[in-house]
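Remarks on the structure that follows.
The values are calculated or read from the model by the stated rules, or taken from the named source; none is laboratory data. Given the structure is predicted, the values throughout are model-derived calculations rather than measurements. Glycine also receives a Cβ, built like all others from the backbone with ideal geometry; neighbour counts cover every protein chain displayed. When the accessible area is computed, the model is the full protein with side chains, heavy atoms only, and any ligands, DNA or RNA have been set aside. Shrake-Rupley method; radii C 1.70, N 1.55, O 1.52, S 1.80 Å.
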Amino acid sequence: MSAVTLQRDAWGRWVLTLADGQEHVPVTVVRAYPVSAPEEGVAVMDAEGHELWWCDRLTDQPQALAQALREALQEREFLPEIFRLVSVSSFATPSEWVVETSRGQTRLTLKAEEDIRRLSPGVLLLSDSHGVQYLIREPQRWDRHARRLLDRFM
């Protein structure tokens, strides 16, 4: 066998087969930089957390491998992106927010202003009262009303 493969076994576990034919079961696929470079720096880890294989860029991999890696990553990650802030119950915390996300409209509770962190220019990470994290990219592109609401908490 000459190429690395990632596929499921009969029990639904991910199996990594290295170029030398060595198989590793089960494995976990993780991103090194999930927010700043989601298509770069992907590792396949064994059950003890040891790195078995490293991928510099998903786009450099054969289509079948890249698709399997993305599927494994999607199963493991849950980071909805907020596209719009619809309303806020009050400008004091805790406050209830209604937001449009990549997973639909939802309500979340912001416990404190510190639950909004600036990761880089134009990228924020919001943690709600249940510990769910939401990504906000380029809030400066939001409509005026939504930007004003968010600015009250920054």
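Condition first: under 16 Å from SER127 (Cα atoms) and open to solvent by less than 40 Å² (accessible area, probe 1.4 Å). Can you find one or more residues in region 4-26 that meet it? Break it down into steps so the answer makes sense when it comes.
Going through region 4-26, the residues under 16 Å from SER127 (Cα atoms) turn out to be none.
For region 4-26, residues under 16 Å from SER127 (Cα atoms) and open to solvent by less than 40 Å² (accessible area, probe 1.4 Å): absent.
Tell me, which residue of region 66-92 that is free of Cβ contacts under 8 Å to residues at least 24 places away in the same chain and among the polar types (S, T, N, Q) is nearest to VAL29 (Cα to Cα)?
GLN74
Of the residues SER90, SER102, only one is at pLDDT below 95 and open to solvent by 50 Å² or more (accessible area, probe 1.4 Å); which?
SER102
Would you check which residues across region 61-74 are in a helix (DSSP H, G or I), surrounded by 11 or more Cβ atoms within 10 Å (Cβ to Cβ) and either touching a Cys at 6+ places or on another chain (Cβ under 9 Å) or not hydrophobic (A, V, I, L, M, F, W, C) (or both) and list them?
Answer for region 61-74, where residues must be in a helix (DSSP H, G or I), surrounded by 11 or more Cβ atoms within 10 Å (Cβ to Cβ) and either touching a Cys at 6+ places or on another chain (Cβ under 9 Å) or not hydrophobic (A, V, I, L, M, F, W, C) (or both): LEU65, ALA66, GLN67, LEU69, ARG70, GLU71.
Does region 21-32 contain any residue that is more than 30 Å from ILE136 (Cβ to Cβ), of a type in the set (Ser, Thr, Tyr) and in contact with a strand residue (DSSP E or B) (Cβ under 9 Å, 6 or more places away or on another chain)?
Taking every residue of region 21-32 in turn, none turns out to be more than 30 Å from ILE136 (Cβ to Cβ), of a type in the set (Ser, Thr, Tyr) and in contact with a strand residue (DSSP E or B) (Cβ under 9 Å, 6 or more places away or on another chain).
Is it true that VAL99 is under 10 Å from ILE82 (Cβ atoms) and β-branched (Val, Ile, Thr)?
Yes: the conditions hold for VAL99.
What's the total number of residues in region 121-147 that are farther than 14 Å from VAL99 by Cα and either open to solvent by 50 Å² or more (accessible area, probe 1.4 Å) or not in a strand (DSSP E or B) (or both)?
So the answer is 9.
Using the structure shown, decide if GLY12 is free of Cβ contacts under 8 Å to residues at least 60 places away in the same chain, closer than 25 Å to PRO80 by Cβ and more than 17 Å from the chain's Cα centre (by Cα).
Judged against the criteria, GLY12 is a match.
Of the numbered conditions (1) more than 18 Å from the chain's Cα centre (by Cα); (2) open to solvent by less than 80 Å² (accessible area, probe 1.4 Å); (3) not aliphatic (A, V, I, L, M), GLU51 satisfies every one except a single condition; which is it?
GLU51 satisfies every listed condition except (2).
Hey, among the residues in region 27-42 that are part of a loop (DSSP other than H, G, I, E, B) and within 13 Å of the chain's Cα centre (by Cα), which one's surrounded by the most Cβ atoms within 10 Å (Cβ to Cβ)? Working first, answer last.
Initial filter on region 27-42 (part of a loop (DSSP other than H, G, I, E, B)): 27, 32-39.
Still in the running and within 13 Å of the chain's Cα centre (by Cα): 32-39.
Details: ALA32: 14, TYR33: 11, PRO34: 14, VAL35: 14, SER36: 12, ALA37: 12, PRO38: 16, GLU39: 14.
Here the residue is PRO38.
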